[in-house]
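*Asks:* Take a look at the following structure, please.
The values are calculated or read from the model by the stated rules, or taken from the named source; none is laboratory data. Note that this is a predicted model, so its numbers are computed, not measured. Reconstructed Cβ throughout: ideal geometry from the backbone, glycine too, with neighbour counts over all protein chains shown.
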Amino acid sequence: MKKTNKLLGLAASAAIITGPAMAQDVKLGFLADLTGGIAAFAPGMVAAAQLAVDEVNAQGGILGGKKLVSVTADSGCAADTATPAADRLVNTENVTAIFGAYCTPALMAEVNTATIPGNVVIISPSASGPGLTTLKDNDLVYRTTISDAFQGVKSADLLISKGITKVGVTYVNGDYGKGLADVFSKEFTAKGGTVTASVAHEDGKSDYRPEIGQIESTGADTLVIFGYLSGGGGVILNQAIETGSFKVLVGGDGMAGDEIFKDRDAAALEGMITTKSAASSGADYDFFAKLAADAKIDPQGVYVTQSYDAAFALALAIEKNGTADRAGLSKALREVTTAPGEKIEPGEWKKAVDLIKAGKDIDYQGSSGPLDFDPAGDVTGDIDWYVAQGGKTVDQGIIP
């Protein structure tokens, strides 16, 4: 995908440091998909993670007053872009840890070629491919979003509960799309539904009418798109609307959020169903929401809470580890996000530092939900579903 000056300019305006840091700085890598399939989501995600960095520095800094700086690289939601970007962060910038990447294909590529060999802990806020659960990663790879092994099941359950029993599926060809489509199709079929066609698509094309036509020919009147809104998924959505062949349009988390209305007729999207990790709520979320509002960030933006939590948890782990070195960081990460320990809410950096200095345990309460990482580095949670209504994606609540 071509890089856009607009997004790169936004990254700069979000105070992401791209040049060499001072000797006393502690570097946190931002492996951000500023271009590629989910570029539409990137601004809010980058801003949320930068907010966590800013909170650290505003409350006395890290490791005895050092400055925490973010060093960005564009992973582009693709393996060929992510690999050199991650290599630069790990081996040239020598970052302590990494926030990102956002897409599963990018994450899978970078961890195998750069971060695992470099002993770097990495937390993705949004890479949801089921294959990450079984990755042999030396306890270095984590994520603050739910695996598609769960989203696929819940998406299938939702459609069946709505009386939708015949669908065609198109998915982006890669770890994310295929993993989600396989889980969805298995569950949908097991519940009595019929998947008339499951068609892979490659990102980066301008014409997906052959793939759409292949699905149309099977008689499916519901189209399920497991792709990326800023990539092939968005083009497929446009061309599916043009054909008018489908009564119901459905998208996974890569198609979620109000960004679907950009440059599209809201009336044509009316009734479209999307799914993603459940919207946050409760006291822990409220702490973050206040910080986000003050920083002019939408706290309910796609993967915004997960991004803040990833960056803030990494900073806490570095403080707990007592060094900017990489060794021991995964153990520290588990310690600061797991009970027992005094509760730390979003933004409570100084409180956390004081407790750590006093030799006390802490337990960070994530704004996106509990960060009780399982042995695979995964978290649990719920899936919400949304319906496009009047130019907005309206939250319908948790899928039971």
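*Asks:* Quickly run through region 282-306 and pick out the residues that are polar (S, T, N, Q) and within 17 Å of P370 (Cβ to Cβ).
*Replies:* Applying the first criterion (polar (S, T, N, Q)) to region 282-306 yields 300, 305-306.
Hits for region 282-306 are T305, Q306.
*Asks:* Is there a residue in region 86-97 that is outside the structural domain of K186 (by TED's automatic domain parsing), within 20 Å of G369 (Cβ to Cβ) and of a type in the set (A, V, I, L, M, F, W, C)? If you could, list the steps in order and put the result at the bottom.
*Replies:* From region 86-97, those outside the structural domain of K186 (by TED's automatic domain parsing) are 86-97; that's our starting set.
When the remaining residues are screened for being within 20 Å of G369 (Cβ to Cβ), the result is none.
For region 86-97, residues outside the structural domain of K186 (by TED's automatic domain parsing), within 20 Å of G369 (Cβ to Cβ) and of a type in the set (A, V, I, L, M, F, W, C): absent.
*Asks:* Separate question: Just name the residue that is farthest from G397 (Cα to Cα) out of those in region 285-317 that are aromatic (F, W, Y) and crowded, with 24+ Cβ neighbours inside 10 Å. Write out each step before concluding.
*Replies:* Start the filter on region 285-317 by keeping residues that are aromatic (F, W, Y), which leaves 285, 287-288, 303, 308, 312.
Retained after the next criterion (residues that are crowded, with 24+ Cβ neighbours inside 10 Å): 288, 303, 308, 312.
Working: F288: 20, Y303: 17, Y308: 22, F312: 27 Å.
The extreme case among them is F312.
*Asks:* So which residues in region 300-343 are among the β-branched types (V, I, T) and part of a helix (DSSP H, G or I)? Walk me through how you get there before you give the answer.
*Replies:* Keep residues of region 300-343 that are among the β-branched types (V, I, T), which gives 302, 304-305, 318, 323, 336-338.
Result: V304, T305, I318, V336.
*Asks:* Is one or more of the residues making up region 354-376 part of a helix (DSSP H, G or I), over 30 Å from V250 (Cα atoms), outside the structural domain of A268 (by TED's automatic domain parsing) and touching a strand residue (DSSP E or B) at 6+ places or on another chain (Cβ under 8 Å)? First the steps, then the outcome.
*Replies:* Initially, region 354-376 is screened for residues part of a helix (DSSP H, G or I), giving 354-357.
Okay, now just the ones that are also over 30 Å from V250 (Cα atoms), so 354-357.
Restricting the remaining residues to those that are outside the structural domain of A268 (by TED's automatic domain parsing) gives 354-357.
From what is left, the residues that are touching a strand residue (DSSP E or B) at 6+ places or on another chain (Cβ under 8 Å) are 355-356.
Within region 354-376, one or more residues are part of a helix (DSSP H, G or I), over 30 Å from V250 (Cα atoms), outside the structural domain of A268 (by TED's automatic domain parsing) and touching a strand residue (DSSP E or B) at 6+ places or on another chain (Cβ under 8 Å).
*Asks:* Does region 99-108 include one or more residues that are in contact with an Asp or Glu (Cβ under 8 Å, 6 or more places away or on another chain), on the phi > 0 side of the Ramachandran plot and buried (at least 19 other Cβ atoms within 10 Å of the Cβ)? Working first, answer last.
*Replies:* Applying the first criterion (in contact with an Asp or Glu (Cβ under 8 Å, 6 or more places away or on another chain)) to region 99-108 yields 100-106, 108.
Okay, now just the ones that are also on the phi > 0 side of the Ramachandran plot, so 100.
Narrowing further to those that are buried (at least 19 other Cβ atoms within 10 Å of the Cβ): 100.
Within region 99-108, one or more residues are in contact with an Asp or Glu (Cβ under 8 Å, 6 or more places away or on another chain), on the phi > 0 side of the Ramachandran plot and buried (at least 19 other Cβ atoms within 10 Å of the Cβ).
*Asks:* Pull out all pairs, ordered by first then second residue, where Cβ-Cβ is under 8 Å, the residues are six or more apart or on different chains, the first lies in region 117-134 and is at pLDDT 95 or above, and the second is surrounded by fewer than 19 Cβ atoms within 10 Å (Cβ to Cβ) and in a loop (DSSP other than H, G, I, E, B).
*Replies:* N119/N138; N119/A327
*Asks:* Hey, which of the helices (runs of 4 or more DSSP H) in region 1-98, taking only ones fully inside, have at least 2 residues that are closer than 26 Å to D354 by Cβ and at pLDDT 90 or above? Please lay out each step first, then the result.
*Replies:* Details: elements: 5-13, 42-58, 79-87.
Hits in region 1-98: 42-58.
*Asks:* Check whether at least one residue in region 245-256 is surrounded by 15 or more Cβ atoms within 10 Å (Cβ to Cβ), in a loop (DSSP other than H, G, I, E, B), at pLDDT below 95 and among the small types (G, A, S), and report yes or no. Can you show your working first?
*Replies:* To start, the set of residues in region 245-256 that are surrounded by 15 or more Cβ atoms within 10 Å (Cβ to Cβ) comprises 245-246, 248-256.
Still in the running and in a loop (DSSP other than H, G, I, E, B): 245-246, 252, 256.
Subsequent filtering for residues that are at pLDDT below 95 retains 245, 256.
When the remaining residues are screened for being among the small types (G, A, S), the result is 245, 256.
Yes: one or more hits.
*Asks:* Between residues in region 350-364 that are closer than 14 Å to L314 by Cβ and residues that are at pLDDT 95 or above and of a type in the set (S, T, Y), which pairs lie under 7 Å by C-beta distance while being six or more apart or on different chains?
*Replies:* From residues that are closer than 14 Å to L314 by Cβ, the pairs are Y364/T337.
*Asks:* Given (1) in contact (Cβ under 8 Å) with a residue 24 or more places away in the chain; (2) closer than 17 Å to G377 by Cα; (3) buried (at least 20 other Cβ atoms within 10 Å of the Cβ), identify the lone condition not met by K320.
*Replies:* Every condition holds for K320 apart from (2).
*Asks:* Surrounded by 23 or more Cβ atoms within 10 Å (Cβ to Cβ) and hydroxyl-bearing (S, T, Y) - does that describe any residue in region 217-240?
*Replies:* yes
*Asks:* What is the one condition in (1) out of contact with any helix residue (DSSP H, G or I) (no Cβ under 9 Å at 6 or more places or on another chain); (2) within 30 Å of D263 (Cα to Cα); (3) touching a residue at least 24 places away in the same chain (Cβ under 8 Å) that G397 does not satisfy?
*Replies:* Unmet for G397, out of (1) out of contact with any helix residue (DSSP H, G or I) (no Cβ under 9 Å at 6 or more places or on another chain); (2) within 30 Å of D263 (Cα to Cα); (3) touching a residue at least 24 places away in the same chain (Cβ under 8 Å): (3).
*Asks:* Which of the residues spanning region 241-278 are within 20 Å of the chain's Cα centre (by Cα) and under 17 Å from L158 (Cα atoms)?
*Replies:* Answer for region 241-278, where residues must be within 20 Å of the chain's Cα centre (by Cα) and under 17 Å from L158 (Cα atoms): V250, G251, G252, D253, M255, A256, I273, T274, T275, K276, S277, A278.
*Asks:* Of the numbered conditions (1) of a type in the set (A, V, I, L, M); (2) surrounded by fewer than 23 Cβ atoms within 10 Å (Cβ to Cβ); (3) over 29 Å from A39 (Cα atoms); (4) free of Cβ contacts under 8 Å to residues at least 40 places away in the same chain, A327 fails exactly one; give the number of that condition.
*Replies:* Unmet condition: (4).
*Asks:* Which numbered condition in (1) in a loop (DSSP other than H, G, I, E, B); (2) aliphatic (A, V, I, L, M); (3) not assigned by TED's automatic domain parsing to the domain that holds G152 is the only one that A293 fails?
*Replies:* Result: A293 passes all but (1).
*Asks:* For K191, are the conditions met, namely being of a type outside the set (G, A, S), farther than 27 Å from T243 by Cβ, surrounded by fewer than 22 Cβ atoms within 10 Å (Cβ to Cβ) and out of contact with any Asp or Glu (no Cβ under 6 Å at 6 or more places or on another chain)?
*Replies:* Numbers: of a type outside the set (G, A, S): yes; farther than 27 Å from T243 by Cβ: yes; surrounded by fewer than 22 Cβ atoms within 10 Å (Cβ to Cβ): yes; out of contact with any Asp or Glu (no Cβ under 6 Å at 6 or more places or on another chain): yes.
In short, yes.
Residue-by-condition table, conditions (1) farther than 29 Å from V46 by Cα; (2) assigned by TED's automatic domain parsing to the domain that holds A327; (3) assigned to a helix (DSSP H, G or I):
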position: D137; (1), (2), (3): no, yes, no
position: L158; (1), (2), (3): yes, no, yes
position: Y171; (1), (2), (3): no, no, no
position: S198; (1), (2), (3): yes, no, no
position: A220; (1), (2), (3): yes, no, no
